[in-house]
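Scroll down for the structure; my scribbles are underneath it.
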Amino acid sequence: MIIISIKDIPKKEQHSHAHRLLRECLKPLGIAYSEDMPITKNKYGKPSLTDYPEVFYNLSHADGITACIVSDTECGIDCEPIREYRSGVMKRAFTDAEQETIMAAPESDRNMLFFRLWTLKEAYIKAVGMGLSFPMRDIEFSFENGEILSNADGYSFVQHIIKNKYIVSIVSLLEKQTKGTE
């Protein structure tokens, strides 16, 4: 289940709002989530529900948007408002081919393209459970005929562009796995 909330929330309240979305996503599974439930974290800090090892979730929030995914496989979600991108971030995190794709696009499309790629990378490193420990230049994304292509095997990629203002990217492992096999 995925919930996306477009709502201007003060920064200090975004975390709690994301957890409210998680609570709503878990209700259909019969899980009464609260922020004081036992949480297990992997060696990189990715949280999971200790008492529900078959349930995977991920949260994201940024100015004006919050997103939550709950799944039966490892997953990651990232959301961002489209804004002016920073070329230094692009050089550190994007492959040469991704940088070339952005720079070859019309200037009016570059911010959108940057955040489409950025949110896919963020969702991927969250799905694999490594966060920023993962070398972002090792994962590459491109777009062809409306399809998201990647050098990452075994994952599905979905992206939503909302009102040409926000990007939400979702990455999910294609096959179920048992926790503890990382």
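Among the trypsin sites (Lys or Arg not before Pro) found in the range 1-48, those both in a DSSP coil and sparsely packed, with 13 or fewer other Cβ atoms within 10 Å of their Cβ, are Lys7, Lys43. The HN-Hα couplings worked out from phi for the range 37-43 by the Karplus form 6.51 cos²θ - 1.76 cosθ + 1.60 (θ = phi - 60°) are 5, x, 10, 10, 10, 6, 5 Hz, whole numbers, x standing for Gly and Pro. Look at the alpha carbon pairs under 8 Å that are at least 6 residues apart: their mean separation over the length of the range 67-155 gives a relative contact order of 32 percent. Per-residue 3J(HN,Hα) values for the range 105-112, derived from phi via the Karplus relation 6.51 cos²θ - 1.76 cosθ + 1.60 with θ = phi - 60°, read 6, x, 3, 5, 9, 5, 4, 4 Hz in sequence order (x marks Gly and Pro).
Annotation: amide H-H contacts under 5 Å for Phe143 (H modelled 1.01 Å from N, sequence separation of 5 or more, or interchain): Leu149. Our summary gives the chain a relative contact order of 22 percent, counting only alpha carbon pairs under 8 angstrom and 6 or more residues apart. If a/c stays under 1.5 just call it rounded; otherwise compare a/b with b/c (prolate if a/b is bigger, oblate if not). Do that for the range 74-128, with a ≥ b ≥ c from the square roots of the Cα gyration tensor eigenvalues. It is prolate, given that a/c is not under 1.5 and a/b is the larger ratio. Less than 14 Å from a label point 7 Å out along the Cα-to-Cβ axis of Ile6: which backbone N atoms in the range 158-177 qualify, by residue? Answer for this model: 160-168. The calculated FRET efficiency for Ile162 paired with Arg23, based on their beta-carbon distance and R0 = 30 Å, is about 0.85. Restricting attention to the chain, lysine pairs at least eight places apart or on different chains and with alpha-carbon atoms under 17 angstrom apart total 12.
Note on the range 105-147 and the range 85-102: Cα centroid distance 10 Å, given to the nearest whole angstrom. Arranged from fewest to most other beta-carbon atoms within 10 Å of their beta carbon, Arg110, Arg86, Arg137 become Arg86, Arg137, Arg110. Amide H contacts under 5 Å for Ile82: Tyr166, Ile167, restricted to partners 5 or more places along the chain or on a different chain, H placed in the peptide plane at 1.01 Å from N. Counting beta carbons within 10 Å around each of Glu140, Glu74, Glu35 and listing the fewest first gives the order Glu35, Glu140, Glu74.
Of the residues Leu132, Leu113, Leu22, the one that moves most in a GNM of the chain with alpha-carbon contacts below 10 Å is Leu132. For the chain, adding -39500 (n - 2.57) for each run of n ≥ 4 DSSP H residues and dividing by the number of residues yields -9500 deg cm²/dmol at 222 nm. For Tyr155, the residues 5 or more places off, or on other chains, whose built amide H falls under 5 Å of its own are Leu174.
Overall, the range 2-173 carries a charge dipole of about 580 debye about its Cα centre when +1 sits on the Cβ of Lys and Arg and -1 on the Cβ of Asp and Glu, all other atoms neutral. Residues Asp138, Asp153 in ascending order of nearby Cβ atoms (within 10 Å, fewest first): Asp153, Asp138. Placing R0 at 22 angstrom, the Cβ-Cβ distance between Asp153 and Lys43 gives a FRET efficiency of 0.45 after rounding to 0.05.
Bear in mind these aren't lab numbers, they're just calculated from the coordinates by the rules spelled out. Note that the structure is predicted; figures quoted are calculated from it, not measured. Note that we place each Cβ from the backbone using ideal geometry, even for glycine, and neighbour counts take in every protein chain shown.
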